[in-house]
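Visitor: Sending over a structure as structure tokens; questions will come in a sec.
The values are calculated or read from the model by the stated rules, or taken from the named source; none is laboratory data. Please read all numbers here as calculations on a predicted model, not as lab measurements. Please note: Cβ atoms are built from the backbone with ideal geometry, for glycine as well, and neighbour counts cover all protein chains shown.
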Amino acid sequence: MPPAPPAFLPVSALSVELEAYVAVTASLHAGFAEARTTFECVLPPLRDAGFLVLAGLEPLLDALERFKLKNDELLWLESLGAIDEAARRKLVDMRFSCDVDAALEGTVVFPGEPVLTVEGPFWQAQLVSALVRGGLTSPTLTATRAARCYLAADGAEVIEGSATTAHRLGGNPLGARAAYIGGASATTCALAARRYRLPVRASLPRQFALGDSNARQMFESWLRASQDKAILRFESSEAETAIPGIVEAVRSRASQPSWHQGDIAVEIAGGDHAEVSQMLIDAFEKARLGEPVIVASGDLDEHAIATLRLRETPISAYIVPSFDVDDGNWPARYDLTAIESHGQWSPRMRRGATVADSGDPGRKVIVRYADAEGQWLADVAHATNERVQNARNVEFVDRATGFPSRLSAASGAPLLTNVMRAGKRVSSPEPARALRDRTTRSLVALPERYRRLRGPALYPVGTTPALAAIKQEMLGRGSG
């Protein structure tokens, strides 16, 4: 395979909100533009999901590292009055210089806890808010949905089938990448396959089937053109006429169909997959072709896949038409949690409608505790200036309920790791396969009650009593 091209995507510095540039100007006037600050990105709960799979980190780091305003963009901002001469001088030579800590891509994370922190000058850290939120929100939703389909498939393959048409002309290869990280086995998007070295599949398109009235000839032509892992597709409503043509085409190929050996699979598009699967199996058995390798497509999601698995329908792969989730009502938060003044750090907090909806003030270290078998027990935020608690006796305040809790674990490890120092990445990008493997390992470490598709238990996410006391004090005095 020829080398893949660079994975970076050009991102305009004007992709952020206009207010972010006004804030640069205002912070210069206020005198705290250069103050060192800590911002945290926190993801909200996702309906019906007990966990989230973090994705989008590597493209985000690339965008941050390349963040640069062009002269014509600066002139335009100045013409609007969004920046003044002092701000323009600040921005003209800007190079992102903040430190970034984050959970690694493919890590299972949970609502309410920081998944990424940016620490650096206020004017820079606040400027990239939209990039951080946008860079993590949609990929994380896609990866989480793919992971749920992966769990529902219970060993069968999941194929991403929407990236070629999603969002914009040219498709959304980053969506295919996120789905693969979450657990999809392959994509149908050629660009994503080349750029990120993802396995790719080609399914017989509907328009090709309509172009040839001779079913056998149409299927044979597709088999000749599709050399590897060929997928013969038919609409379930046309099963009675399509299946005989598939049988004859496969017989002429003189090969046993096997998805995993890279030969032939048969895709049933829509309808009653269980009933049509049996029709296909009976036809192959009668023709002494062995059992067909069946792929299902149509209106599929994790719940539809789980239902088919419960019915013991013999399906080897599922083509999911869309992993997209409406992220308009799922806003990631990017909050200022601490600011330095005269060598001292001062906590900051965003006030919400409830205590749980409010931010957690201060600079933190998130520790993930696990039992002796490696199963996760809880994630607990510690203030950076307090000692990390002994794993065998951990006290914390659950941020969802406000109740004090205690656990005894075998080990604890930081959830976030340094991924960018002074605006430069500290390590080379990982291949998508390694990120997908991390997701798989994370799901194994997550107890079943938190990853079930319906009615998952709420994974414990909390703060130490000391951090909880700071939050209560700030809430009590109305401080932000």
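Visitor: Only one residue in Val355, Val320, Val388, Val365 is touching a Pro at 6+ places or on another chain (Cβ under 8 Å) and on the phi < 0 side of the Ramachandran plot, so which one is that?
Guide: Working: Val355 fails: touching a Pro at 6+ places or on another chain (Cβ under 8 Å); Val320 fails: touching a Pro at 6+ places or on another chain (Cβ under 8 Å); Val388 fails: touching a Pro at 6+ places or on another chain (Cβ under 8 Å).
Of Val355, Val320, Val388, Val365, the one residue that is touching a Pro at 6+ places or on another chain (Cβ under 8 Å) and on the phi < 0 side of the Ramachandran plot is Val365.
Visitor: Also: Could you tell me whether the stretch 345-355 includes any residue that is part of a strand (DSSP E or B) and either in contact with a Ser or Thr (Cβ under 6 Å, 6 or more places away or on another chain) or closer than 24 Å to Arg441 by Cβ (or both)?
Guide: Initially, the stretch 345-355 is screened for residues part of a strand (DSSP E or B), giving 345-347.
Add one more test, that the residue is either in contact with a Ser or Thr (Cβ under 6 Å, 6 or more places away or on another chain) or closer than 24 Å to Arg441 by Cβ (or both), and what stays is none.
Scanning the stretch 345-355, I find no residue that is part of a strand (DSSP E or B) and either in contact with a Ser or Thr (Cβ under 6 Å, 6 or more places away or on another chain) or closer than 24 Å to Arg441 by Cβ (or both), so the answer is no.
Visitor: Restricted to the stretch 33-43, and to residues that are of a type outside the set (D, E, K, R) and touching an Asp or Glu at 6+ places or on another chain (Cβ under 9 Å), which residue is farthest from Ile366 (Cα to Cα)? Outline the logic, then answer.
Guide: Residues of the stretch 33-43 that are of a type outside the set (D, E, K, R), as a first pass: 33, 35, 37-39, 41-43.
The next check asks that each one be touching an Asp or Glu at 6+ places or on another chain (Cβ under 9 Å); those that pass are 35, 37-39, 41-43.
Numbers: Ala35: 24, Thr37: 18, Thr38: 14, Phe39: 14, Cys41: 13, Val42: 12, Leu43: 15 Å.
Filtering first and then ranking leaves Ala35.
Visitor: If you don't mind, another one. Out of Pro361, Pro331, report the one residue that is in a loop (DSSP other than H, G, I, E, B) and under 20 Å from Glu473 (Cα atoms). Spell out the reasoning first.
Guide: Values: Pro331 fails: under 20 Å from Glu473 (Cα atoms).
Criteria check complete, one pass: Pro361.
Visitor: Scan the stretch 318-335 and give yes if some residue there is surrounded by 14 or more Cβ atoms within 10 Å (Cβ to Cβ) and over 24 Å from the mean Cα position of the chain (by Cα), otherwise no. Steps first, answer last, please.
Guide: So the first thing to find is which residues in the stretch 318-335 are surrounded by 14 or more Cβ atoms within 10 Å (Cβ to Cβ), and the list is 318-325, 327, 330, 332-335.
In the following step, the residues that additionally are over 24 Å from the mean Cα position of the chain (by Cα) were identified as none.
So far as the stretch 318-335 goes, no, none of its residues is surrounded by 14 or more Cβ atoms within 10 Å (Cβ to Cβ) and over 24 Å from the mean Cα position of the chain (by Cα).
Yes/no per residue for (1) assigned to a loop (DSSP other than H, G, I, E, B); (2) out of contact with any Asp or Glu (no Cβ under 9 Å at 6 or more places or on another chain); (3) not basic (Lys, Arg); (4) not assigned by TED's automatic domain parsing to the domain that holds Pro361:
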site	(1), (2), (3), (4)
Leu74	no, yes, yes, no
Ser97	yes, yes, yes, no
Gln126	no, yes, yes, no
Gly135	no, yes, yes, no
Ala163	yes, yes, yes, yes
Ala166	yes, no, yes, yes
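Visitor: Further, regarding this structure: Enumerate the pairs (first residue in the stretch 263-277 and within 12 Å of Leu300 (Cα to Cα); second residue anywhere and of a type outside the set (Asp, Glu) and assigned to a loop (DSSP other than H, G, I, E, B)) with beta-carbon separation below 6 Å, excluding pairs fewer than 6 apart on the same chain, so at least 6 apart or on different chains.
Guide: Sorted first by the residue in the stretch 263-277, then by its partner, the pairs are Ala269/Gly298; Gly270/Gly298; His273/Thr313.
Visitor: I'm told Pro45 meets every condition in (1) closer than 29 Å to Arg89 by Cβ; (2) of a type outside the set (Gly, Ala, Ser); (3) surrounded by fewer than 22 Cβ atoms within 10 Å (Cβ to Cβ) except one. Can you identify the failing condition by its number?
Guide: Among (1) closer than 29 Å to Arg89 by Cβ; (2) of a type outside the set (Gly, Ala, Ser); (3) surrounded by fewer than 22 Cβ atoms within 10 Å (Cβ to Cβ), the lone unmet condition for Pro45 is (1).
Visitor: Separate question: Please identify the pairs in which a residue from the stretch 191-217 that is at pLDDT below 85 has its Cβ atom under 6 Å from the Cβ atom of a residue that is outside any helix (DSSP H, G or I) and not polar (S, T, N, Q), counting only partners at least 6 apart or on another chain.
Guide: Ser203/Ile231; Ser203/Arg233; Ser203/Glu267; Leu204/Leu232; Leu204/Arg233
Visitor: What number of residues within the stretch 379-401 satisfy the criterion of being among the small types (Gly, Ala, Ser) and either farther than 30 Å from Arg36 by Cβ or without any contact (Cβ under 8 Å) to a residue 60 or more places away in the chain (or both)? Step through it out loud before you land on a result.
Guide: Initial filter on the stretch 379-401 (among the small types (Gly, Ala, Ser)): 381, 383, 391, 400.
Pick out the ones that are also either farther than 30 Å from Arg36 by Cβ or without any contact (Cβ under 8 Å) to a residue 60 or more places away in the chain (or both) and you get 391, 400.
The qualifying residues number 2.
Visitor: Can you name the residue in the stretch 249-268 that is part of a loop (DSSP other than H, G, I, E, B) and modelled with pLDDT of 55 or more and is also farthest from Ile319 (Cα to Cα) among such residues? Give the derivation first.
Guide: To start, the set of residues in the stretch 249-268 that are part of a loop (DSSP other than H, G, I, E, B) comprises 254-263.
Restricting the remaining residues to those that are modelled with pLDDT of 55 or more gives 254, 263.
Working: Ala254: 26, Asp263: 17 Å.
Ranking the qualifying residues of the stretch 249-268, first place goes to Ala254.
Visitor: Here's a check for you: in the stretch 24-43, which residue that is in contact with a helix residue (DSSP H, G or I) (Cβ under 9 Å, 6 or more places away or on another chain) and in a loop (DSSP other than H, G, I, E, B) is farthest from Gln344 (Cα to Cα)?
Guide: Selected residue: Leu43.
Visitor: Give just the number: which of (1) farther than 19 Å from Ala432 by Cβ; (2) surrounded by 24 or more Cβ atoms within 10 Å (Cβ to Cβ); (3) not hydroxyl-bearing (Ser, Thr, Tyr) does Cys98 not satisfy?
Guide: (2)
Visitor: Return the only residue of Glu78, Glu40, Glu105 being out of contact with any Cys (no Cβ under 7 Å at 6 or more places or on another chain) and surrounded by fewer than 18 Cβ atoms within 10 Å (Cβ to Cβ). Steps first, answer last, please.
Guide: Numbers: Glu40 fails: surrounded by fewer than 18 Cβ atoms within 10 Å (Cβ to Cβ); Glu105 fails: surrounded by fewer than 18 Cβ atoms within 10 Å (Cβ to Cβ).
Only one candidate passes the filter, namely Glu78.
Visitor: In the stretch 336-373, which residues are small (Gly, Ala, Ser) and either within 26 Å of the chain's Cα centre (by Cα) or farther than 26 Å from Leu407 by Cα (or both)?
Guide: From the stretch 336-373, those small (Gly, Ala, Ser) are 338, 341, 343, 346, 352-353, 356, 358-359, 362, 370, 372; that's our starting set.
Residues satisfying the conditions are Ala338, Ser341, Gly343, Ser346, Gly352, Ala353, Ala356, Ser358, Gly359, Ala370.
Visitor: Only one of (1) surrounded by 15 or more Cβ atoms within 10 Å (Cβ to Cβ); (2) under 20 Å from Ile159 (Cα atoms); (3) modelled with pLDDT of 90 or more fails for Ala283. Which number is that?
Guide: Unmet condition: (2).
Visitor: Follow-up question, since we're still on this one. Starting from the stretch 414-429, take each residue that is within 26 Å of Asp379 (Cβ to Cβ) and list its partners that are surrounded by fewer than 18 Cβ atoms within 10 Å (Cβ to Cβ) and among the charged types (D, E, K, R), counting only C-beta distances under 9 angstrom and pairs at least six apart or across chains.
Guide: Val419/Arg425; Met420/Glu65; Arg425/Glu65
Visitor: State the number of residues belonging to the stretch 271-280 that are more than 15 Å from Glu240 (Cβ to Cβ) and either in contact with a Cys (Cβ under 9 Å, 6 or more places away or on another chain) or surrounded by fewer than 22 Cβ atoms within 10 Å (Cβ to Cβ) (or both).
Guide: If we filter the stretch 271-280 for residues that are more than 15 Å from Glu240 (Cβ to Cβ), which is where we start, we get 273-274.
In the following step, the residues that additionally are either in contact with a Cys (Cβ under 9 Å, 6 or more places away or on another chain) or surrounded by fewer than 22 Cβ atoms within 10 Å (Cβ to Cβ) (or both) were identified as 274.
Count: 1.
Visitor: For Tyr150, only one of the following conditions fails: (1) at pLDDT 95 or above; (2) more than 11 Å from the chain's Cα centre (by Cα); (3) crowded, with 20+ Cβ neighbours inside 10 Å; (4) outside any helix (DSSP H, G or I). What is its number?
Guide: Here Tyr150 meets the rest and fails (4).
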